[in-house]
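The values are calculated or read from the model by the stated rules, or taken from the named source; none is laboratory data. It should be emphasised that the depicted structure is a prediction, and the values quoted were computed from it without experimental measurement. Ideal geometry is used to build each Cβ from the backbone, glycine not excepted, and the neighbour counts take in all protein chains shown.
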């Protein structure tokens, strides 16, 4: 047999009962969810900033990072609403080796999914309890969402998952904003089809049950650049790209047209310092087009304590072990500069 069962994993209800949220934290999440939704409906004029490490690889350094982020949030709260990226299932691009905290709570140890589930929930809970931040995570594995659905305020569907039917169906049953990235090949029609699917109701199988979703009116676009058939990266955040997406939305019968621009990945060619320039260019485009200003709700930035990235085992505190990230000092300065320009 090519697939061997190691053990049965605990049901999400079991994990939640063992690691429950207090009534106070539940109310805090509900309030943050409503504020995020108001940004996507246009009722709030705040700018959304989804910022943090490429992969949440270490609980201590991630909490250190978002504690710093909380202090910045207090200073820009009239203009910017921050959701920290705590991506706990983020693997390397090839899927080989490190597969994120969910698989490996200790990046140098063997995979341990039961411990990973507990570690992931613990990290998100500590973030909420210690900083007041509900966070963003990537829905890499749709069935795992149930372990965190009472903690997250934002979900991203990655470029390699956006065509997957199960990701689209589960997104239609989520009550928080879900961002659909354009696929790696850059075809925005695929992304738009995914948004359409997520905004409609569906009946499907989920965790062994027949379920029916209501549709998610907050499903929206994320532009992250693309790669051609020669492996070359190209951006899709320029003024013309944003106008094109605005025009495409206008031709669709979709609720709450919205865009988050991913400033890293193929948009930056993974040149993490470029995120600074790209972020400012997006704001410049917003100032020159009312359509773009209405469409763009925020940015996604990969940021950590130290610039760049490292190999597993180098043990540099607060430095990414996946994609390179913008260091803290540059990130803090960028947030203040964006607030000044909004």
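Descriptive notes on the structure:
- Set side by side, the residues 52, 97, 45 differ, and just one is on the phi > 0 side of the Ramachandran plot and more than 20 Å from the chain's Cα centre (by Cα), which is 97.
- Count - residues of the stretch 168-198 that are within 15 Å of the chain's Cα centre (by Cα), crowded, with 24+ Cβ neighbours inside 10 Å and either part of a loop (DSSP other than H, G, I, E, B) or free of Cβ contacts under 8 Å to residues at least 40 places away in the same chain (or both): 2
- Qualifying residue in the stretch 17-31 (condition: closer than 18 Å to residue 121 by Cβ, touching a residue at least 24 places away in the same chain (Cβ under 8 Å), touching a helix residue (DSSP H, G or I) at 6+ places or on another chain (Cβ under 6 Å) and assigned to a helix (DSSP H, G or I)): yes
- Condition met for residue 291 (surrounded by fewer than 21 Cβ atoms within 10 Å (Cβ to Cβ), in contact (Cβ under 8 Å) with a residue 12 or more places away in the chain and in a helix (DSSP H, G or I)): yes
- Some residue of the stretch 153-160 being crowded, with 17+ Cβ neighbours inside 10 Å, touching a helix residue (DSSP H, G or I) at 6+ places or on another chain (Cβ under 6 Å) and assigned to a strand (DSSP E or B): yes
- Members of the stretch 27-73 found to be at pLDDT 95 or above, more than 13 Å from residue 83 (Cβ to Cβ) and touching a strand residue (DSSP E or B) at 6+ places or on another chain (Cβ under 7 Å), listed by number: 53, 65
- Residue match in the stretch 170-179 (condition: in contact with a strand residue (DSSP E or B) (Cβ under 9 Å, 6 or more places away or on another chain) and over 20 Å from residue 41 (Cβ atoms)): yes
- Filtering the stretch 214-236 to residues that are surrounded by 23 or more Cβ atoms within 10 Å (Cβ to Cβ) and outside any strand (DSSP E or B) leaves 216, 218, 219, 224, 225.
- Boolean, residue 280 is touching a residue at least 24 places away in the same chain (Cβ under 8 Å), surrounded by fewer than 16 Cβ atoms within 10 Å (Cβ to Cβ), in contact with a helix residue (DSSP H, G or I) (Cβ under 9 Å, 6 or more places away or on another chain) and more than 23 Å from residue 158 (Cβ to Cβ): yes
- Any chance residue 157 is in contact (Cβ under 8 Å) with a residue 24 or more places away in the chain and closer than 30 Å to residue 312 by Cα: yes
- Residue in the stretch 130-143 that is in a helix (DSSP H, G or I) and more than 25 Å from residue 331 (Cβ to Cβ) present: yes
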